[in-house]
Amino acid sequence: MSAPANSRKSERLLNLLIMLLVQRHFVPKQRIREILYPDASLDAFEKMFEREKEELRSLGVPIEVGSLDAFFDEPGYRIRPDEFALPEIALEPDEAAVVGLATKVWEHARLADATTDALRKLTAAGVETDASALQIAETRLTADEPAFDDFWEATQQRTPVAFSYRRGVADQPTLRHVQPWGVVRYSGRWYAVGWDTDRAAERVFRLSRIDGPVTSDGPPGSYEVPAGTDARSVAQRLAPSAQREPVVLLVRQGSGHGLRREANLVQPTVPGPDGQREWDRLEIHRGSGAADELLSYGASVFVESPARLRDEIVRRLRLVREHVR
Amino acid sequence: MSRPAAGGAKDQVARLLALVPYLHQRGAVELEVASQALGVPVAQLIKDLKVLLMCGLPGGFPDDLIDVDLDVLFGEPEDDADEATAAHDQPKSIIRVSNADYLARPLRLTATEASALIVALRALRASADADTVPIVDRALGKLETAAAEGSAPAAQIDPGVTPQALAQLRSRLSAAIAATKQVKLTYWVPSRDEESERVVDPVALVATQGFDYLDAWCHLAEAPRLFRLDRIHQATVLESEVVSQRRPRDLTDGIFSLNRASASLVTLGLTPEAHWVPEYYPVESVRKRANGLLEIDLLVGDEQWLERLLLRLAPAATVVAPAALADRFRSTAEATLTLYEGSTVETA
C-alpha cells in the first residue's frame, strides 16, 4: 500500500515539521533545502516545498512565515510550539466516556472522520475514552442536504454566500445573498439562519430547498454575528412551520392514528357531522400545511376550528368538484 | 473538501502526530493496545513506526533520530502480508518511542474537528437523562476551552433535540440487532392510516432523508420492510431468535422500493402547485402539456396511498387514467365535502 516513495514523503513532511518546531528562530528557506531536499533542483525544491508546506498547514500545523532580519529579505519559517500543541485537557473518567461516545453520533462521512480524528488526538494526550461502562441513549445526527457542508464552513468562517433558493417546493428558485449566522436542526432537517443582504432582514433557509451550488460571496470574516444571536430562537421565530395554533377535529373512530398519537385532548364518542356517534373530538397543534395533511384523511376527519382552515378545506374540495364537471 | 486516499503521506503524518505523543505519555505499550486505542490496524501501525525511524532533529547524526523500540520491526520479512501475521503471532510486542520530547503533545484540534466533536456532544446532551446531562456539560466546557482559545467553535450550530423516547427506542433496537432477537412492533402506516402489530427480524438501523429507519424482515408482510422510528409506537424485544438471514439493504437509490409486477400504471395531470411530485416520487415519465399542466405516469402499488396523495394535493392533481381511479377519488372528495355541507357547523 505505502510505496517507498510515499513513506519517503512522509519522512520529509515529518522532518520538515520537526525542523520548524524545534528552532527558536525563523529557518531560512535555503537551509530547509540543504537539509531536506539536497538532491532537488531549485525549481523542483520550490514546487515540492510549497506543496508540502501547504499539506502540513491543511493538517492544522501553524507554519509561520517571517523575515530573518532587516538586512536579509530571504523568508524564513517556524512553528511555535504553543500554537502547535493541544493544550492540557484533564477529563474525568465519566467525561472521557461521554466524549468517547461522540464518535458514534455523526452519520455524515466528513464529520464522522473529523470526530474520530479529534478523539485520536485526545487519546494521544492521555485521555482514556472507554465508553463501555456508560449507559446513555444512542443519538445519531444525519445531514443529507448537499448544502450542509458549505453552510457548516461558512458559518464558522463568517463567509458570505450566494445560492439559489426555492421558498416552497413548487416555487421558482431565486438567487439569495446571505451572511450565515448559524445552522440549526429542527425535526430532522437542517436550517440556516442569517442576514439576507438583499432584503436587509433576518431570514431562515431550509437547506434541502437550496438548488445547486453554494458559492462564496466575499472573503472569510467579512461580517460579525450580532452579539447575543441565538440561531435556534431566530429559526423558531421565522420558520413558518413553527407558528402553530390549536386545531379541533372530529375523527372517525378506528382512523386518524397519525393524529391521535399527538392529540392533547380527546373527547370520545361524540356525534359527528354525519349525525352518527362514532366520532372522537381531538385537539392538535398545526402550522402552515395543515390543510394538506388533514385533507389526506378524506372523510375520516372533519375540521371544527379554526374556521379559516375549515374554509380552505371546503374551498379546495369544491374546486375538485367543479374541475370534474 | 475530500480526504486524500488512506495511504497518503499526509494521513500518515497525521497518524504519527498522534502516535508519538500517545507513546510518549504512556511509555511502553503493547502493539495491540495502541492499535485499538488509536483505531489504526496493526500492520499500518508498524509501517508508520518504520517511517519514524528516519525522522528526527535536522542534524543528520544518529543521536538526532527518534528512537523507536519495536522488536517486531526487525528480523521479520519485508512483505506486507507477513507483517500482519507476524504481529498476530506476537501479541505481546511492546513498542516504545524516545528522543522525541518535542512531539510530546498532539497537534491541536482543527476547527472542523473541534466543532464536529462539540456538536456531536450537544446532540448527545439533548437525549441524555438527568444524571448524564451534567457529565456532558462538564466535558463540553473543558473541550470548548481546550479547542480554541478566545473563539467559541461551532457557537451557532445547534443539532436540536432527539426526543429521549426515540433515543431509547434506538438503543433497544440496536441491542435486539446485536443479540439477533425478534422484535414486536406496534407501527402506524400513514399511507393507509392503520396501526398494526407485527413481529420483525431486525437487520439494521439506517438513516436517509432526515429520518431514521429500522430495516427488518416483517413476518406480517412476509417481506423486507423499512420502519420509520418515529412511527413505531411500541417495540418489545422478544426472547425468540430471528429466523431470516439478511444483509442490510443498499439505500443508495433511496428508500422507495416497489413490487413492479403487482403495481398498476396511473396517469395524473398536475397544475404548477403539484409540480414537485415527480421530483419527490419515482415516476415512469413526465410530459409537458398546455397551460402549465404536467402529465406524469407512475406505478402505484397501493391505491389507498394514491388517494391520500390526491386528497393532499387537491385540487392540483387529477387522475387522467384509469377511469376507475378517477371515479374513486371523485367520490371520496364528494363524501368529504358532504360532511361539511351537510353539517350544522357554518361554512363560508
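Details
- The listed residue being under 32 Å from the mean Cα position of the chain (by Cα) and at pLDDT 90 or above, out of B:ALA14, B:ALA5: B:ALA14
- Number of the condition not met by A:PHE151 [criteria: (1) modelled with pLDDT under 90; (2) within 15 Å of the chain's Cα centre (by Cα); (3) hydrophobic (A, V, I, L, M, F, W, C)]: (1)
- Sole residue being within 12 Å of chain A (Cβ to nearest Cβ) and surrounded by fewer than 17 Cβ atoms within 10 Å (Cβ to Cβ), chosen from B:ASP327, B:ASP302: B:ASP327
- Scope the stretch A:220-238; condition exposed (fewer than 12 other Cβ atoms within 10 Å of the Cβ) and closer than 17 Å to A:PHE151 by Cβ; matching residues: A:GLY221
- Taking every residue in the stretch A:88-114 that is facing chain B (nearest Cβ under 8 Å) and touching a residue at least 40 places away in the same chain (Cβ under 8 Å) and pairing it with any residue that is surrounded by fewer than 22 Cβ atoms within 10 Å (Cβ to Cβ) and hydroxyl-bearing (Ser, Thr, Tyr), at least 6 positions away or on another chain, the pairs with Cβ-Cβ distances below 9 Å are A:ASP94/B:THR132.
- 1 or more residues under 30 Å from A:VAL183 (Cα atoms) and in contact with a strand residue (DSSP E or B) (Cβ under 9 Å, 6 or more places away or on another chain): qualifying strands (runs of 3 or more DSSP E) within the stretch A:211-325: A:245-252, A:279-286
- Pairs where the first residue, in the stretch A:52-64, is more than 10 Å from chain B (Cβ to nearest Cβ) and the second is in a loop (DSSP other than H, G, I, E, B), C-beta under 7 Å, 6+ apart: A:GLU64/A:ARG80
- Pairs, first touching a residue at least 40 places away in the same chain (Cβ under 8 Å) in the stretch B:283-308, second assigned to a helix (DSSP H, G or I) and among the small types (Gly, Ala, Ser), C-beta under 8 Å, six or more apart: B:GLY301/B:SER262; B:ARG308/A:GLY298
- The residues of the stretch A:268-292 that are at the interface with chain B (Cβ under 7 Å from one of its Cβ atoms) and within 38 Å of the chain's Cα centre (by Cα) amount to a single one, A:ASP292.
- Hey, A:ALA114 at pLDDT 85 or above, over 19 Å from B:ARG138 (Cβ atoms) and among the hydrophobic types (A, V, I, L, M, F, W, C) or not: yes
- Of the residues making up the stretch B:102-118, those that are surrounded by fewer than 24 Cβ atoms within 10 Å (Cβ to Cβ) and either more than 7 Å from chain A (Cβ to nearest Cβ) or not hydrophobic (A, V, I, L, M, F, W, C) (or both) are B:TYR102, B:ALA104, B:ARG105, B:ARG108, B:THR110, B:THR112.
- One residue from A:ALA102, A:ALA125 being crowded, with 21+ Cβ neighbours inside 10 Å, among the aliphatic types (A, V, I, L, M) and either within 30 Å of A:GLY188 (Cβ to Cβ) or under 27 Å from the mean Cα position of the chain (by Cα) (or both): A:ALA102
- Meets criteria (more than 10 Å from chain B (Cβ to nearest Cβ) and either at pLDDT 90 or above or out of contact with any Ser or Thr (no Cβ under 9 Å at 6 or more places or on another chain) (or both)) for A:TYR297: no
- Residue match in the stretch B:232-241 (condition: surrounded by fewer than 18 Cβ atoms within 10 Å (Cβ to Cβ), at pLDDT below 90 and facing chain A (nearest Cβ under 9 Å)): yes
- Single unsatisfied condition, A:PRO62 versus (1) in contact with a Phe, Trp or Tyr (Cβ under 7 Å, 6 or more places away or on another chain); (2) more than 20 Å from B:THR110 (Cα to Cα); (3) not basic (Lys, Arg): (2)
- Exactly one residue among B:LEU220, B:LEU166 is at pLDDT 70 or above and more than 10 Å from chain A (Cβ to nearest Cβ), and that residue is B:LEU220.
- Within the stretch B:267-315, tally of residues that are among the hydroxyl-bearing types (Ser, Thr, Tyr) and within 26 Å of B:GLU334 (Cβ to Cβ): 3
- Some residue of the stretch A:11-27 being among the acidic types (Asp, Glu), under 23 Å from B:ARG15 (Cβ atoms) and in a helix (DSSP H, G or I): yes
- Residues considered: A:VAL61, A:VAL127. Of these, the only one that is at pLDDT 90 or above, in a loop (DSSP other than H, G, I, E, B) and hydrophobic (A, V, I, L, M, F, W, C) is A:VAL61.
- Looking across A:GLY212, A:GLY188, one residue alone is touching a Ser or Thr at 6+ places or on another chain (Cβ under 6 Å) and on the phi > 0 side of the Ramachandran plot. It is A:GLY212.
- The set of residues in the stretch A:142-201 being assigned to a strand (DSSP E or B) and closer than 24 Å to B:GLU273 by Cβ consists of A:PHE163, A:SER164, A:TYR165, A:THR174, A:LEU175, A:ARG176, A:ARG189, A:TYR191.
The values are calculated or read from the model by the stated rules, or taken from the named source; none is laboratory data. Keep in mind that this is a model prediction, so the values were computed, not measured. We place every Cβ from the backbone using ideal geometry, glycine too, and count neighbours over all the protein chains shown.
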